[in-house]
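Inspection log for the structure reproduced underneath, given as structure tokens.
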Amino acid sequence: MKDNIEAVFKAAAQDRFGHDVQVNLVRPDPKFGDYTTSVAFELAAALKKAPAEIANELAGLVKSDLIKELSVAGGGFINIVLTPAALLQELASASGWPTANRDKLILTEFGDPNPFKEMHLGHLYSSVVGDAIATLLEASGARVKRLSYHGDVGVHIAKCIWAIIRAMDSDPAKLDEVLAAHPLGYYYALGAKAFDDNVDAKAEIIAINQHVYARDDTVINTIYQRGWDISFANFDAVFDMIGVHYDRRYLESESAAIGQAIVEQNTPDVFEKSDGAVVYKGEKAGLHTRVFITSAGLPTYEAKDLGLVELKQRDYPDSERSIVLTANEQAEYFKVMLAALKEINPELAVKTIHMSHGVLGLTTGKMSSRSGDVYAVLTLLDDVKASVSAAYPNTLVGREIFLAAVKYTLLRHKIGSNIVFDVKESVSLEGNSGPYIQYAHARARSILDKYSGELTMPADVELETAERLLIMKINTFPEVVEKAIGEYMPHLICNYLYELAQNFNQFYESNRVINDPRMLLRLDIISKYATVLKSGLNLLSIPAPDRM
């Protein structure tokens with residue numbers, strides 16, 4: 001439809017003015033029509049004519065069975081009103097969209113909670129957003145692999161183990177008792193504070209870190225394995241609750257040696273030694289210097305990430321892109337890592353795309369695992385589940401509503417902005433919430449269920465203003481999806497669904513459907529509306545129940 005109209009304008013410009021011009025149709029405010037084009041402005045400079053003059057000439061020349069009316073406004077914009085038949089033709093295909101990534105293998109890495117620390121709200125946000133991006137890419141035809149990466153070695157582990165050993169009084173027989181007394185995040189917080197405040201404790205933690213890498217101490221190995229098992233069992237429980245799955249789990253213990261070897265092999269060409277450490281001088285790329293191998297000879301996060309890139313390439317050599325989603329606070333770090341990677345392997349650097357998201361918190365603000373002030377993910381999820389049970393005591397789709405409350409709350413914000421999670425708002429049927437969109441779908445289905453006959457669109461129908469406006473909004477869905485996929489922005493889907501539901505409510509409040517003379521037309525519109533709502537929710541990995 002859009003392509004056909006663009007082609008008509010292109011041909012008219014060629015015939016009248018002898019210029020091959022690119023014609024792009026965009027959606028204006030509905031009061032101006034279905035599409036608008038600025039092609040007259042594109043031609044104005046070459047023809048040395050006023051855009052309005054060119055626009056009026058084109059409007060008089062363009063003829064198409066798809067176009068009901070053309071008008072010139074804004075000094076040269078051509079507004080286009082489609083015929084009812086054309087609008088209904090668009091409506092019939094409104095639940096489809098282009099598959100620009102067909103058969104491309106795209107890697108998505110997100111979530112990435114570290115063992116021996118509490119899974120915090122940022123990990124929940126990253127998991128939900130990353131999964132939605134993966135789902136969007138799958139909808140565009142891509143073969144997507146969902147990956148996670150976990151720091152199972154490093155000083156944060158040593159901090160936690162140090163505190164556990166202290167709590168055990170160095171008696172291995174007390175390990176079960178100590179682990180049962182507090183979550184791992186509690187011990188990590190104690191170790192982190194001691195590391196910052198106590199010189200002796202810092203030295204002991206550094207020594208433990210060496211043993212963690214070397215795996216040469218029986219007691220430390222036992223604590224490590226127990227902590228590892230507890231951590232990943234907790235992570236998997238959260239992922240199951242929010243309906244997120246992963247295809248491959250990477251560990252820093254896998255990438256560390258590979259990354260260290262890459263750094264050593266590229267010293268001094270890319271990296272250089274400094275005070276016993278190996279660093280990358282980021283200033284040459286307009287960035288800052290970062291350490292890749294410590295003075296103790298251990299790889300840092302930066303080196304491990306180089307190793308991770310290599311691991312992904314080995315496992316998925318035909319991948320076209322590798323998207324990594326982390327918190328905003330890691331944005332500058334990733335710039336340095338990717339700058340170093342660009343010098344080592346430009347091809348891998350180009351295909352690695354880093355995206356950063358904002359902070360997720362509650363009304364009390366950001367909560368830090370370093371200080372121990374952690375609002376655990378499971379606590380939040382349990383609060384949402386309890387609120388769903390209270391707000392919908394007789395529902396048979398409590399899990400579906402729970403998923404909508406959690407996911408939609410996180411996805412409706414543009415990636416990069418900070419979010420404050422309000423549990424009460426997340427489960428409400430009023431305002432911009434997941435359950436509100438689900439209810440809008442269920443309401444449409446209940447209307448459709450009142451009619452048991454076959455839905456057939458009347459021929460040669462004229463459209464009333466309210467019908468046209470709702471159809472116009474439904475018809476923009478493929479364009480919204482295409483933009484959301486191209487920009488990795490799930491919030492565009494959320495914004496659209498909320499606006500669409502509001503448009504429908506306005507339509508339904510003033511237009512009778514069942515037993516109205518225009519019933520078949522309006523039921524067909526509502527059917528397409530419900531299909532689009534369901535498709536949009538599914539793109540966000542949110543279910544669309546027929547009943548609430």
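The values are calculated or read from the model by the stated rules, or taken from the named source; none is laboratory data. In this text the structure is predicted, and so the values were computed from the model without any measurement. Neighbour counts run over all protein chains shown; Cβ positions are idealised from the backbone, glycine included.
Somewhere in region 432-439, is a residue out of contact with any Leu (no Cβ under 8 Å at 6 or more places or on another chain), closer than 30 Å to Gly361 by Cα and either among the acidic types (Asp, Glu) or assigned by TED's automatic domain parsing to the domain that holds Ala530 (or both)?
Going through region 432-439, the residues out of contact with any Leu (no Cβ under 8 Å at 6 or more places or on another chain) turn out to be 432-433.
Subset that is closer than 30 Å to Gly361 by Cα: 432-433.
Still in the list and also either among the acidic types (Asp, Glu) or assigned by TED's automatic domain parsing to the domain that holds Ala530 (or both): 432-433.
The answer is yes; a qualifying residue exists.
Within region 50-73, does at least one residue satisfy the condition of being free of Cβ contacts under 8 Å to residues at least 12 places away in the same chain, of a type outside the set (D, E, K, R) and more than 19 Å from Phe17 (Cβ to Cβ)?
no
Which of the following residues is in contact with a Ser or Thr (Cβ under 9 Å, 6 or more places away or on another chain), under 23 Å from Leu311 (Cα atoms) and among the hydroxyl-bearing types (Ser, Thr, Tyr): Tyr149, Tyr188?
Numbers: Tyr188 fails: under 23 Å from Leu311 (Cα atoms).
Among Tyr149, Tyr188, only Tyr149 is in contact with a Ser or Thr (Cβ under 9 Å, 6 or more places away or on another chain), under 23 Å from Leu311 (Cα atoms) and among the hydroxyl-bearing types (Ser, Thr, Tyr).
Exactly one condition in (1) in contact (Cβ under 8 Å) with a residue 12 or more places away in the chain; (2) closer than 16 Å to Ala94 by Cα is false for Ile514; which is it?
It is condition (2) that Ile514 fails.
Could you run through region 482-499 and say how many residues are in contact (Cβ under 8 Å) with a residue 60 or more places away in the chain and part of a helix (DSSP H, G or I)?
Restricting attention to region 482-499, the residues satisfying the condition of being in contact (Cβ under 8 Å) with a residue 60 or more places away in the chain are 482, 484-486, 488-491, 493-495, 497-498.
This time we only want the ones that are part of a helix (DSSP H, G or I), so: 482, 484-486, 491, 493-495, 497-498.
Final tally of qualifying residues: 10.
Asp305: over 24 Å from Phe110 (Cβ atoms), out of contact with any Asp or Glu (no Cβ under 8 Å at 6 or more places or on another chain) and among the acidic types (Asp, Glu), yes or no?
Working: over 24 Å from Phe110 (Cβ atoms): no; out of contact with any Asp or Glu (no Cβ under 8 Å at 6 or more places or on another chain): yes; among the acidic types (Asp, Glu): yes.
Considered against the rule, which asks whether it is over 24 Å from Phe110 (Cβ atoms), out of contact with any Asp or Glu (no Cβ under 8 Å at 6 or more places or on another chain) and among the acidic types (Asp, Glu), Asp305 comes out as no.
Mind listing whichever residues of region 527-541 are of a type in the set (Ser, Thr, Tyr) and surrounded by fewer than 19 Cβ atoms within 10 Å (Cβ to Cβ)? Don't jump to the end; show me each part of the working.
Taking region 527-541 and keeping what is of a type in the set (Ser, Thr, Tyr), we get 527, 529, 531, 535, 541.
Within region 527-541, Ser527, Thr531 meet the criteria.
Which condition number does Arg468 fail, the rest of (1) assigned to a helix (DSSP H, G or I); (2) crowded, with 19+ Cβ neighbours inside 10 Å being met?
The single condition Arg468 does not satisfy is (2).
Exactly one condition in (1) surrounded by fewer than 16 Cβ atoms within 10 Å (Cβ to Cβ); (2) at pLDDT below 95; (3) in a helix (DSSP H, G or I) is not met by Ser170; state its number.
The one condition Ser170 does not meet is (3).
Just to be sure before I move on: is Ala194 in contact with a Gly (Cβ under 6 Å, 6 or more places away or on another chain) and part of a helix (DSSP H, G or I) in the structure I sent? Walk me through how you get there before you give the answer.
Working: in contact with a Gly (Cβ under 6 Å, 6 or more places away or on another chain): no; part of a helix (DSSP H, G or I): yes.
Answer is no for this residue.
Give Glu138, Glu118 a once-over and let me know the one that is of a type in the set (Asp, Glu), over 27 Å from Lys63 (Cα atoms) and modelled with pLDDT under 95. First the steps, then the outcome.
Numbers: Glu138 fails: modelled with pLDDT under 95.
Being of a type in the set (Asp, Glu), over 27 Å from Lys63 (Cα atoms) and modelled with pLDDT under 95 holds for just one of Glu138, Glu118, which is Glu118.
Which of the residues spanning region 502-526 are of a type in the set (S, T, N, Q) and buried (at least 17 other Cβ atoms within 10 Å of the Cβ)? Please lay out each step first, then the result.
Initially, region 502-526 is screened for residues of a type in the set (S, T, N, Q), giving 502-503, 505-506, 510-511, 515.
Hit for region 502-526 is Asn503, nothing else.
Does Gly111 satisfy the condition of being at pLDDT below 95, buried (at least 20 other Cβ atoms within 10 Å of the Cβ) and either of a type outside the set (Phe, Trp, Tyr) or not assigned by TED's automatic domain parsing to the domain that holds Ala530 (or both)?
Details: at pLDDT below 95: no; buried (at least 20 other Cβ atoms within 10 Å of the Cβ): yes; either of a type outside the set (Phe, Trp, Tyr) or not assigned by TED's automatic domain parsing to the domain that holds Ala530 (or both): yes.
Answer is no for this residue.
Pairs, please: C-beta under 6 Å, at least 6 apart or cross-chain, first residue in a loop (DSSP other than H, G, I, E, B) and in region 520-548, second among the basic types (Lys, Arg) and surrounded by fewer than 20 Cβ atoms within 10 Å (Cβ to Cβ)?
Asp546/Arg445
Select, from Tyr301, Tyr280, Tyr333, Tyr316, the only residue that is among the aromatic types (Phe, Trp, Tyr), within 24 Å of Ala207 (Cβ to Cβ), outside the structural domain of Ile415 (by TED's automatic domain parsing) and touching a residue at least 12 places away in the same chain (Cβ under 8 Å).
Values: Tyr280 fails: within 24 Å of Ala207 (Cβ to Cβ); Tyr333 fails: within 24 Å of Ala207 (Cβ to Cβ); Tyr316 fails: within 24 Å of Ala207 (Cβ to Cβ).
Going through Tyr301, Tyr280, Tyr333, Tyr316 in turn, just one is among the aromatic types (Phe, Trp, Tyr), within 24 Å of Ala207 (Cβ to Cβ), outside the structural domain of Ile415 (by TED's automatic domain parsing) and touching a residue at least 12 places away in the same chain (Cβ under 8 Å): Tyr301.
So which of Ala192, Ala181 ends up being crowded, with 19+ Cβ neighbours inside 10 Å and touching a residue at least 12 places away in the same chain (Cβ under 8 Å)?
Criteria check complete, one pass: Ala192.
Considering only residues of region 452-465 that are among the acidic types (Asp, Glu) and modelled with pLDDT of 85 or more, which is surrounded by the most Cβ atoms within 10 Å (Cβ to Cβ)? Even if it seems obvious, please write down each step before you answer.
Here is the first cut: in region 452-465, the residues among the acidic types (Asp, Glu) are 454, 460, 462, 464.
Subsequent filtering for residues that are modelled with pLDDT of 85 or more retains 462, 464.
Numbers: Glu462: 11, Glu464: 13.
This residue is Glu464.
When the residues of region 233-248 are filtered to those that are surrounded by 16 or more Cβ atoms within 10 Å (Cβ to Cβ) and not hydroxyl-bearing (Ser, Thr, Tyr), which remaining residue is farthest from the chain's Cα centre (by Cα)?
We begin by selecting, within region 233-248, every residue surrounded by 16 or more Cβ atoms within 10 Å (Cβ to Cβ); these are 234-235, 238-239, 241-244, 246.
In the following step, the residues that additionally are not hydroxyl-bearing (Ser, Thr, Tyr) were identified as 234-235, 238-239, 241-244.
Details: Asn234: 23, Phe235: 19, Val238: 18, Phe239: 16, Met241: 18, Ile242: 14, Gly243: 15, Val244: 13 Å.
For region 233-248, the residue satisfying everything is Asn234.
If the requirement is being crowded, with 19+ Cβ neighbours inside 10 Å, in contact with a Phe, Trp or Tyr (Cβ under 6 Å, 6 or more places away or on another chain) and assigned by TED's automatic domain parsing to the domain that holds Pro28, which of these qualifies: Gly130, Gly76?
Details: Gly130 fails: assigned by TED's automatic domain parsing to the domain that holds Pro28.
The unique qualifying residue is Gly76.
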